[in-house]
Every structure is written in structure tokens, then in C-alpha cells.
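Here the structure comes first, spelled out in C-alpha cells, and everything after it is commentary.
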Number of protein chains: 2
Amino acid sequence: MNKPSAPSPRTQVKRVAEYASYDSALLHQIVDAAWVCHIAFGDTNGSHCIPTACWRDGDWLYIHGSNGSRMLKRLQEQDCCVTITHVDGLVLARSAFNHSMNYRSAMIYGRFEAVDEAHKRVAMEAFMEHLVPGRQAQVRAGNDKEYAATTVLRIALHEAACKTRTGPPKDEGEDLDIPVWAGVLPLAQSRGAPIVDDGCPLPAPDYVRAWQG
Amino acid sequence: MNKPSAPSPRTQVKRVAEYASYDSALLHQIVDAAWVCHIAFGDTNGSHCIPTACWRDGDWLYIHGSNGSRMLKRLQEQDCCVTITHVDGLVLARSAFNHSMNYRSAMIYGRFEAVDEAHKRVAMEAFMEHLVPGRQAQVRAGNDKEYAATTVLRIALHEAACKTRTGPPKDEGEDLDIPVWAGVLPLAQSRGAPIVDDGCPLPAPDYVRAWQG
């Protein structure tokens, strides 16, 4: 099977191109594992890099915020770059310059568009389902005033590139006999014990008890 | 004691300004806890958001890469924005729209500058010390050819803003009696069991055995 190629010149990975992938299944995995993305955009003050919560529905990445957000206004007027990075480990080689990191990253280019009122509700409920599956039906849903003050934007996942590194260090042949431990120090995201709010007398629901796995 | 104020107009946090801080001790903590940052910069293809390894020495943040890197060239010609974000937990409120995340983030504005040859070696050894304290003396150090192919840049930490959220959900008074569990689901970075390289017969040194704490 042929691998997918870069969908545009600006998504063509040039540095360490053997780590690049344009496969949408990998892209979806990287997006779905993220709580936040970083968005680069420009204005008269220069470039900005702002972290914000994100979630995926089909071939779209969604974000939301206050109607007054400078970023949300700008993102509807110009292209931007959305990046997600997961660091999976430190790679300890036998020479200093062959040290590396294992990681999974995705960069998405394009322009965000606002979703309409009906779609906004569907999207925000999908966001809750991404954060805490099963919770939406238990909380007070957003009211008209809350929705009216909120903008939901989406960007197509079409113009994107992933870059990943996995596995052991890659040393030069002449360095392999250097007497130093070599390998990988793994990093991962972990879930801590749920902290109940002071004023909450209720037992933890299944999705809270399952949080730590 | 007066809190430090924003060092420039573009670091003045406007949205949820009560979460902002311009304290350098907090900034240093957020930078030191990071393995990577995201850098926003622009070129004729628009805005880019690129993740890269970073480390701190004093009041400077350092990055490095190949001399051929498009980003490293551009970053010496124009201002950029460097952002670091740690997600610390999901905040489950009683109403959908009061859900939030706990996080620590830092944004740094300014222009990178290249460090000279002598400083490059000091900086790269500080990078190794950040990654794996104690390892530099055991590996093959970078040689002249490796250093000659590598650019090290630094940016002052002076023009920066931090934004953090901690603690429990903040519900409206009229939502407090909604019968749904409320609290925080913590997230943290964890360290996995070291994976020795296939070809390595050596016992793990102290810093590898201590990795998991």
C-alpha cells in the first residue's frame, strides 16, 4: 500500500523526513490523545502561540471560547497552524549529539470557521463526551445566554502532517563500544486520584471511579 | 509586596486576567518542568507552530537544531512567541459551561539570538544536565564537526506572562444543589520503567535507576 503524501507544500516535512506521516488514522490518534493544542497566528503585534482545549469530531478539530476572544476573531480572518505534541520519552544514546526524544506530533494548517447555533450545541456536547464520557446528561446543560456568549470554531484536518519518533537510540557504529548505559527513559501522562469538591456529598460515579484505571 | 506587572502591552493577559502572573520564579518553574516548547513564527507561507526541546539557564531559554533549519534562521530575523503548557487536571463543575482545566502556562515574546562557539558548548552541556543530570561526563561529547553543524539560540525570559488555574470548580450559587459529582480529575506526567538498548550490557547508573522515583 502506498503511504499518503503531503497534502500541500507547507505540510511537507523537510527535517528528518523519515519520521513524517500523512496518515489520517495516526493524525486522529494524536488529536484524540490531546487535551489542548497550541495555535500560531499573527496580528499587528507579531506572532502569538496560544494553548487552548481542543477535540475532534470526524475530520474536524474544534475549539471554543468567549465571543470577545482576540484569537477567535483573528482565526476566522486568516490561516493559522495548530500543533499538538506528546513527549513519550528521553532517548539516551552513547554520544551526546545522538540523544533524542520519542514523541508524536501533529501540525494542522488552514482556516477556522464558526459553527452555527444548532451545531454549536452538538459540538459542545461532543467536547464534554471527549473530556468525561457519560457526564453530559448529569450536569446542567448550557443555557441560551451561555451559548450566546460562546464561539465554537472548527478547522478541517485535511492539510496536516504528523511526525513521530519511537524506539531505541541510534548511535554511530564507532560509538557502540563506549561504556555508557543506553536506552529510553519513558514519559507518559498519568491520572491522579479524583479530588471531590468540598461541598459535594455525592458518591463518585463510574467515570470518576474509573479515572485512574 | 506588590505583584509584578506585565512587562509589555503584548504580554498583558486580558482574558481571565485573575489567572495571570508576571512573577519570574513561577516562570522559571514552568519552563524547568518542560521538555519541549511550542514556537510561533511567520513567513511567506503564513504562521507556523513548531515544537522543539528547550531548557533554561538563568534568565534565558535555549533551543538548538541543525544549521539548515528554516525555523532557526527565521527566529534570528524576527520576533516570535514561545509557549509552554502543562495540563494538571480536568475540573468538573455542576454546569457544563463551568467545566475547566487546571494548567500552568507561560508565553515568552522576543527575538532569539545565536550563541557563539564557546558558549554553544556550555549551553549544550547545560541541556544534557537538564535532561539527565550527571550523564554528560559519561557519553562521548560532541566533536568539532557536530558542533559546527549545530545552531544554539537563546531568548531572554524578560518579556513573558504566565497563566495558571488551580483548585476546585467554581459553580454559580444557583447550581450548587444540582445532584452531580463535582471535583477535579488530576493529570500529571509520569515516568515509565527504563528500557535498556538491545546492545547494551551495562548495569543502569544511578540516574537511570532513580528515573521512576
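Considering only residues that are among the small types (Gly, Ala, Ser), more than 7 Å from chain B (Cβ to nearest Cβ) and assigned to a loop (DSSP other than H, G, I, E, B), which ones fall in segment A:156-192?
Across segment A:156-192, the qualifying residue is only A:GLY167.
Which members of segment B:195-206 meet the condition of being free of Cβ contacts under 8 Å to residues at least 60 places away in the same chain and open to solvent by less than 40 Å² (accessible area, probe 1.4 Å)?
B:ASP197, B:CYS200, B:ALA204
Just to be sure I understand the filter: pairs with C-beta atoms under 8 Å, separated by 6 or more residues or on different chains, first member in segment A:114-130 and in a loop (DSSP other than H, G, I, E, B), second member of a type in the set (Ser, Thr, Tyr). Which pairs pass?
A:VAL115/A:TYR62
Does B:LEU157 fit the bill of being aliphatic (A, V, I, L, M), closer than 21 Å to B:TYR62 by Cα and touching a residue at least 24 places away in the same chain (Cβ under 8 Å)?
Judged against the criteria, B:LEU157 is a match.
Restricting attention to segment B:20-34, and to residues there that are part of a helix (DSSP H, G or I) and touching a Lys or Arg at 6+ places or on another chain (Cβ under 7 Å), which single residue is most open to solvent (accessible area, probe 1.4 Å)?
B:ASP32
Could you run through segment B:178-194 and say how many residues are over 20 Å from the mean Cα position of the chain (by Cα) and surrounded by fewer than 17 Cβ atoms within 10 Å (Cβ to Cβ)?
Residues of segment B:178-194 over 20 Å from the mean Cα position of the chain (by Cα): B:178-185, B:192-194.
Within this subset, residues satisfying the condition of being surrounded by fewer than 17 Cβ atoms within 10 Å (Cβ to Cβ) are B:178-179, B:192-193.
Qualifying residue count for the region: 4.
Which one is surrounded by the most Cβ atoms within 10 Å (Cβ to Cβ) among residues in segment B:93-119 that are closer than 20 Å to B:ALA188 by Cα and out of contact with any Pro (no Cβ under 6 Å at 6 or more places or on another chain)?
Selected residue: B:ALA106.
Mind listing whichever residues of segment A:85-101 are in a strand (DSSP E or B) and at the interface with chain B (Cβ under 7 Å from one of its Cβ atoms)?
Across segment A:85-101, the qualifying residues are A:THR85, A:VAL87, A:LEU90, A:LEU92, A:SER95, A:MET101.
So which strands (runs of 3 or more DSSP E) stay within segment B:35-77 end to end and still have 1 or more residues that are of a type in the set (Asp, Glu) and open to solvent by 40 Å² or more (accessible area, probe 1.4 Å)?
B:55-57
Of (1) within 22 Å of A:ILE84 (Cβ to Cβ); (2) over 23 Å from the mean Cα position of the chain (by Cα); (3) among the aromatic types (Phe, Trp, Tyr), A:PHE127 satisfies all except one. Which?
(2)
Taking segment B:25-60, which residues are out of contact with any strand residue (DSSP E or B) (no Cβ under 9 Å at 6 or more places or on another chain) and among the aliphatic types (A, V, I, L, M)?
B:ALA25 - this is the single residue of segment B:25-60 that is out of contact with any strand residue (DSSP E or B) (no Cβ under 9 Å at 6 or more places or on another chain) and among the aliphatic types (A, V, I, L, M).
Would you please name the residue that is least open to solvent (accessible area, probe 1.4 Å), looking only at residues in segment A:120-177 that are among the hydrophobic types (A, V, I, L, M, F, W, C) and over 25 Å from A:ALA106 (Cβ atoms)? If you could, list the steps in order and put the result at the bottom.
Here is the first cut: in segment A:120-177, the residues among the hydrophobic types (A, V, I, L, M, F, W, C) are A:122-124, A:126-128, A:131-132, A:137, A:139, A:141, A:148-149, A:152-153, A:155-157, A:160-162, A:176.
With over 25 Å from A:ALA106 (Cβ atoms) added as a condition, the list becomes A:137, A:139, A:141, A:148-149, A:176.
Details: A:ALA137: 99, A:VAL139: 16, A:ALA141: 50, A:ALA148: 65, A:ALA149: 52, A:LEU176: 89 Å².
The residue in question is A:VAL139.
Does segment B:1-59 hold any residues that are more than 15 Å from B:ILE155 (Cβ to Cβ), of a type in the set (D, E, K, R) and within 14 Å of chain A (Cβ to nearest Cβ), and which are they?
Listed by number, the residues that qualify are B:LYS14, B:ARG15, B:ASP43.
The values are calculated or read from the model by the stated rules, or taken from the named source; none is laboratory data. Here the structure is a predicted model, which means the values were calculated and not measured. As a convention, Cβ positions derive from the backbone with ideal geometry for all residues, glycine included, and neighbour counts pool all protein chains shown. Just the protein is used for accessible areas: all its heavy atoms, side chains included, with ligands, DNA and RNA removed. Shrake-Rupley method; radii C 1.70, N 1.55, O 1.52, S 1.80 Å.
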